[in-house]
Every structure is written in structure tokens, then in C-alpha cells.
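Read the structure below first, then the notes.
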Amino acid sequence: MSEREKSQRFSVILELWQFIAQYKKTLAAACIALVFTAGITLTIGQGVRILIDEGFVAQSDGALRDAVFFIMGLSLCMAFGTYIRFYLVSWLGERVSADLRKAVFNHIVTLHPSYFETNRSGEIMSRLTTDTTLLQTIIGSSFSMALRSSLTFVGALVMLLATNLKLSLIVLACVPLVLMPILIYGRRVRSLAKSSQDTIANVGTYAGEIIQHIKTVQSYNRESSEMDAFGEEVELAFEVARKRVRQRALLIAAVILMVFGAITGMLWSGGSDVISGKMSGGELGAFVFYAIMMASAVATISEVYGELQRAAGATERLIELLKVDSLIQSGSTTETHLDSHQDALVTFNDVQFHYPSRPDSAALKNLNLSVEEGKSLALVGPSGAGKSTIFELLQRFYDPQLGEIDMAGTNIRNFSTDALRQQMALVPQQPALFTADVWYNIRYGKPDATDEEVIEAAKAAHAHDFIVQLPEGYDSHLGEQGTRLSGGQKQRLAIARAILKDPKILLLDEATSALDAESEYHVQKALETLMENRTTIIIAHRLATILHADNIAVLEQGEVIAQGKHRELLQRSDLYRRLAELQFQAEEKIA
């Protein structure tokens, strides 16, 4: 093993220990119970010696009875100690697993969005579920078994030496032969275990993506091909698992062969000593008992060693996730509202930005934009012009490589991300709804809102009427991603969420695009009321919705090529005029 690998393994153990160390008392109690049960187990060997020498050989009923009661008493003590040990260690495994799962999730939700562009959500979910569950099993079971077996091995070795030195030397001579396969195959198992976890994650990722887009899959009659592709992923995972299991099986078989070969040789030598009178039958019985305990301990360690290697791989993956630093560092200003004496300007100053996944293509080039408090700015341009990028930069999902974005005269990097985003409410073109009831989804931007406030917001967004017609009204669950609602209903819930948050800055990504004509009229009126005295930035896909905007910025290939009002731009901007003509001609044809 290289120095780098040793350093990495030590770092992983240290990180995991930080989670375990919080429960030192539980760990100490479990260790005490572990030592107690190991001591009792070893003492049973002396009970076996007494049973044979003073009971069987001496043919004494009283000694036989006493030996049996002695062994039974030890068994009761061992059962009690095992109960305590198993409960405490299992509790510790569950607790550490839960803490680690929470720590990973808490860290994930703070990471920059570009991290999720390069890392698949299914793989991240696998780490949260499969890896933490594996770790819980290891801490709560396998690690305890390994520690118990290690103590038993050492204790049995001491008792062997105390019972008969010559036979002990025979056993010790075989120890290197037993350890050799553990060291050789253990490293292979560790590597294959990590690969196995990765392939399982790939299976989960693939299945999750297909299920998420099941309508598209069925619409294009791709069920059979997806079955085949998923089958290939499963078979690949099986093949890696098969190799891992084969290595573990070889490890266990080699250890068993070595151990019981040593015991056989010891029995032959010990039996000769009993026949010649050099040792008693009870001593040989006790020695065999301790030798079997040693053999069982080594066999258990060799079996559990593979599981521990899998745990090491899972832990590495989890720690890797915890070590990822967010590219968006929160500022120090924690105000949750802007000073009323300041002009709540939103300004983009010479902003240049490349998405991390597309470093060679500029999404924005030397962008300069501003909007005054209480005014509206509409963003117009073809797809890929940079309209949505402006929203993402303003909310600090990304930071520009050059230039700065100011709010109320302050660089938004100086605000804490909580304080910054508290000022804004986004109504996207494709609203995000959660698998919960209507109350939860509307309250998402203001969790402490009263029922009355939620209902008022729903009425303002013209959502109340359809909500009360749902099977359980506001208590109705909406299904995964709001699948039980139509597109227009989802949009109105998103608008109600924004209305309830009562933000300083509104970000509207064509918020009425999914509504029918009548609902659009009413919701547009609600939005006009909401936009009063608020800074509003609108991504306009339909120019008819932004005819009365205070300012319209025309974007093309990440640059602002024209600004002004609708009529001005019809005269000054060829692109705006072309977009307007195409759109209004299309609407006339439809009419």
C-alpha cells in the first residue's frame, strides 16, 4: 500500500470517527460489554477442562453437576452481556448512519448548481441511501463481530500458551499462513467493493431517469430498448459483484483450510501426549476449545474483512461528497430587508459569464443592465441569448467570472445567500411543485404564513376556485412534481407562492405562459397589482405580455444590443422588430 493510500485511509477513518466520537459513552459501554462477554467465553474453556478431568475422568457425579452448573452460569452471563453489546452497537450504527445521512444531505443542498450539472442525481441518491445503509450495517454488526473476534483471538491465544506451550507453538506457526490470504485477497476485495457500489449507483441512476421520463419513453415506444439497456446495466453490476463475491469466497475457503489444517495437526500431537500421559484429557479438551475459538475468530475476521472493505469504499464516497466545497460562498451581510433609504437598484456592470460545463462558450459578454426600484425590466431575445442566465446570476446560483452585480449599491457577493434570496421570488415557466399538499406548496416561500394568508394569496393568483374543487381542498396532495394538476393550475400555485412571499424583487419567467386566455387575463391583473412598487425583471417569450414594461432589453448571444420601450425598439432594433412581426403574424393566423 502506497503512502498516499495509507494517508487517504487514515483520513477516512478520522472523518468517520468524528461522527462516532459524539457517542463516547455508548461506545465505552459497548466495549465494556464486549470485553465482558469475551472474558466469559474464554472462561467456559476452564469449565470444559473441569467437566472432563473432574467429571468424566474422575467419574464424580457431584463434580460433573458442579461443572455443568458452572458452564450454565457462564452462559447466562454471556447471554446478558451479548444482549447489551448487540443493542448498544446496533444503536450506535443506526445513530451514526442517520447523522452521516443528515450531514451529507445538509451539505448537498448548499452546493452550487453547477455541481449537479457534472454529477448525476441518481449517484448522489445512492450515496445517501445505499452507502449509508451499508455503513450502518458495518458499524452496527460487522465491526462489532470483527472487534469481538479480535478480542477472542487474543484471549484464546493467551489461554493456549498457558495451557500447553508445545501445542501453542504449532498453532502460532500456522498464523502467518492464515494471515497471508487475508492480506492478499483483502486488497482485491476493497477495490472490487468500491467498483460494486459505483455500478449499483449507475443502476439506480438509470432507472430513476427512465421513471422520471416514463411518458416520453412510452410515447416513442422505447420500452423494449430501455429494458435491454437497463438489463445491461444490471448485468454489469452483477458481474462486478460476482468478482467481489468470488474473491471473498476464496479468502474464506483459504482461511478455513489453513485454520482447520492447523487444528488437525494440533489434535494429532495433543492426542499423542494424552496417550503417553504427558497431559490430561481435560487440558486437551480445553486446548481444543480455545483452538476452535481462535479458528472461529480468524474465520469471522476473514469473512467480515470483506464487509469492512466495502464499508471503507462507501465511507470514502460519502466523505468525498462532504469534502466538496461550494463555489458560491455566502457573504457576511445578513439583513433580510433592504434599507428603505437606499435605492433598490439591480445593476449588472460589465458582467461576463461562462457556465462551468461550457467554459469555451460565453453565456454573457460584457453585460450592462440596470433597473430602478419599483420599475420593470423585460428581457427579450432568441433562445440562448442569456435571459435565464441573468436570473441565475442574480440569485447567485452562479457567480460571474468578470464584472459584478449590485443590489442597492452593494455587490451581491457581500450579502449572505439567505438574505439575498429573501428579497426575491421566482415564478418560472415550468413551476416546481413538491410531493405534498397545497398548503405546503404555497407556503414554501413563507413557512410561517397563516391559513388566511395562504388563501388570500391563492385568491389573488386565481387558484382558490380550483383548489377547493380538489378532493381534499387545500389538504389535497399533488403527487410527484404536481402530476395531479394541469399546467395552468401548477402555474397559478407558483404565482400564489410568489404573492405570499411578498418579495422586494420579482423574477417572472413568462409566468402566464401556461394559462388559458381567461385565466391569463385575471392572473395578469394580479401580477400587475403585485408588481406595484417592486423591482420586476421579466423574461418575455410573448411580446404582448410586456408592451407596458418600463424598459425592454433586447439580448442576442449574451449581449444587450438595444434597450427602450416597445415602440422605440420597433424603430431602432431590427431583431426586436423581426421577433414582433413573426409573433404577431403567428397570432393573427391563429385568430
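Descriptive notes on the structure:
- Among the residues of segment 226-241, not a single one is over 27 Å from Asn164 (Cβ atoms), modelled with pLDDT under 75 and not hydrophobic (A, V, I, L, M, F, W, C).
- Check on Ile214, at pLDDT 70 or above and among the β-branched types (Val, Ile, Thr): yes
- Only one of the numbered conditions (1) farther than 23 Å from Glu528 by Cβ; (2) in contact with a helix residue (DSSP H, G or I) (Cβ under 7 Å, 6 or more places away or on another chain); (3) among the hydroxyl-bearing types (Ser, Thr, Tyr) is not met by Ser376, and that is (1).
- For segment 100-123, a residue qualifies if it is farther than 25 Å from Leu394 by Cβ and outside any helix (DSSP H, G or I), and exactly one does: Arg120.
- Residues considered: Leu470, Leu478, Leu426, Leu485. Of these, the only one that is touching a residue at least 60 places away in the same chain (Cβ under 8 Å) and not polar (S, T, N, Q) is Leu426.
- Odd one out for Leu393, checked against (1) more than 22 Å from Gly558 (Cα to Cα); (2) at pLDDT 85 or above: (1)
- Among the criteria (1) modelled with pLDDT of 85 or more; (2) within 18 Å of His462 (Cα to Cα), the one Lys525 does not fulfil is (1).
- Cβ separations smaller than 7 Å between residues 6+ apart or across chains give the following pairs from segment 260-278 residues that are at pLDDT 70 or above to residues that are part of a helix (DSSP H, G or I) and not hydrophobic (A, V, I, L, M, F, W, C): Val274/Gly281.
- Checking segment 297-312 against the condition returns a match, with at least one residue being at pLDDT 75 or above, assigned to a helix (DSSP H, G or I) and over 33 Å from the mean Cα position of the chain (by Cα).
- Criterion applied to Ala363, Ala425 was being over 27 Å from the mean Cα position of the chain (by Cα) and closer than 18 Å to Val351 by Cα, and the one residue passing it is Ala363.
- Those residues of segment 104-115 which are out of contact with any helix residue (DSSP H, G or I) (no Cβ under 8 Å at 6 or more places or on another chain) and either in the same structural domain as His354 (by TED's automatic domain parsing) or surrounded by fewer than 18 Cβ atoms within 10 Å (Cβ to Cβ) (or both), in sequence order: Asn106, Val109, Thr110, Leu111, Ser114, Tyr115
- Residues that are under 12 Å from the mean Cα position of the chain (by Cα) and either hydroxyl-bearing (Ser, Thr, Tyr) or at pLDDT below 70 (or both), drawn from segment 117-140: Ser121, Gly122, Ser126, Thr129, Thr130, Thr132, Thr133
The values are calculated or read from the model by the stated rules, or taken from the named source; none is laboratory data. If you're wondering where the values come from, they're calculated on a predicted model, not measured in any experiment. Backbone-built Cβ (ideal geometry, glycine too); neighbour counts: all protein chains shown.
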